[in-house]
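One structure below.
The values are calculated or read from the model by the stated rules, or taken from the named source; none is laboratory data. Quick caveat: nothing in here was measured; it's all calculated off a predicted structure. We place every Cβ from the backbone using ideal geometry, glycine too, and count neighbours over all the protein chains shown. The accessibility values were calculated without ligands, DNA or RNA, using every heavy atom of the protein model including side chains. Shrake-Rupley method; radii C 1.70, N 1.55, O 1.52, S 1.80 Å.
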Amino acid sequence: MVNSLSDEQYKIKMQKRKALQDERIASAKAEKGLVIVHTGNGKGKTTAALGMVLRSLGHGYRVGIIQFIKGAWEPAEKAAFTPWQDQLTFLALGEGFTWETQDRQRDQAIAHAAWQKALEYIRNPDYQLVLLDEVNVALKLGYLDVETVLAGLQGKPESNHVILTGRGAPQPLIDRADLVTEMTLIKHPFREQNVKAQPGIEF
C-alpha cells in the first residue's frame with residue numbers, strides 16, 4: 001500500500017508512474033471525434049453530458065442539444081446556458097415521460113421528428129458537440145431503430161463528438177461507441193425515502 005511506503009519509496013514509485021504515463025500520452029493517437037454513451041439506471045447521465053457541453057462552450061465550440069423525452073417543462077439548464085446562446089442550440093422536442101403522455105403513436109412520431117432534427121446537427125461540421133439527451137430511452141422503447149441511429153452517426157464529421165444519454169442503451173450502440181459510461185444506482189432518495197424530485201438536483 002502507498003501509505004506504508006517511505007518518502008523515498010513513494011517518490012520512486014511516482015517517478016515510475018509518471019514515466020509510464022508520459023510514454024502512454026506520447027504514443028496516443030491524434031484527436032478524434034468521439035461517440036459517447038451515458039447509460040445505466042443511476043442518476044447523472046444527462047448531468048455528466050451537460051458538463052461536457054459546458055467545457056465545449058468554454059472552448060468556444062458550437063453545441064447542439066436535442067432532448068428526446070424531456071420537453072414538457074422548461075429545463076433549468078436551458079436558462080443557465082443563456083450566456084452562450086450564440087454558441088448553443090437547445091431543442092427540447094419531447095413531450096415528457098411516456099407514463100405522462102400515454103400516446104405511443106404520438107411519442108413515436110415526436111421521436112422520429114426529433115431524430116430528423118438531430119441529424120441536421122450531427123452532419124453539420126460547425127457543431128463540434130451534439131448531445132442527444134434520452135435518445136437511448138427512445139431506442140429502448142422502439143420509437144427509433146438502432147440501425148437508423150448507427151447509420152446517422154456514420155455521417156458525423158470526423159472531428160466532431162456526439163453524446164447519447166439514457167438508460168437501456170442497446171448493445172450495437174455500445175459496440176459502436178468510443179466511450180461508454182454506465183451509471184449504477186446504489187441509493188436514491190425517491191426510492192428509499194420517498195423524497196420527490198427537487199430543483200437544482202433533478203431539474
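Some values worked out for this structure:
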{"read-out": "Only listed residue being modelled with pLDDT under 95 and in contact with a Gly (Cβ under 9 Å, 6 or more places away or on another chain), chosen from ALA169, ALA109, ALA92", "value": "ALA92"}
{"read-out": "Qualifying residue in the range 141-149 (condition: more than 17 Å from VAL63 (Cα to Cα) and within 14 Å of the chain's Cα centre (by Cα))", "value": "no"}
{"read-out": "Residue tally, condition exposed (fewer than 13 other Cβ atoms within 10 Å of the Cβ) and under 16 Å from LEU50 (Cα atoms), over the range 157-175", "value": "0"}
{"read-out": "Number of the exception - ASP178 against (1) among the charged types (D, E, K, R); (2) loosely packed, with under 14 Cβ neighbours inside 10 Å; (3) touching a helix residue (DSSP H, G or I) at 6+ places or on another chain (Cβ under 9 Å)", "value": "(3)"}
{"read-out": "Test: residue in the range 11-28 that is open to solvent by 40 Å² or more (accessible area, probe 1.4 Å) and touching a residue at least 40 places away in the same chain (Cβ under 8 Å)", "value": "no"}
{"read-out": "Where PHE81 falls short, out of the listed (1) loosely packed, with under 15 Cβ neighbours inside 10 Å; (2) farther than 13 Å from TYR143 by Cβ; (3) at pLDDT 70 or above", "value": "(1)"}
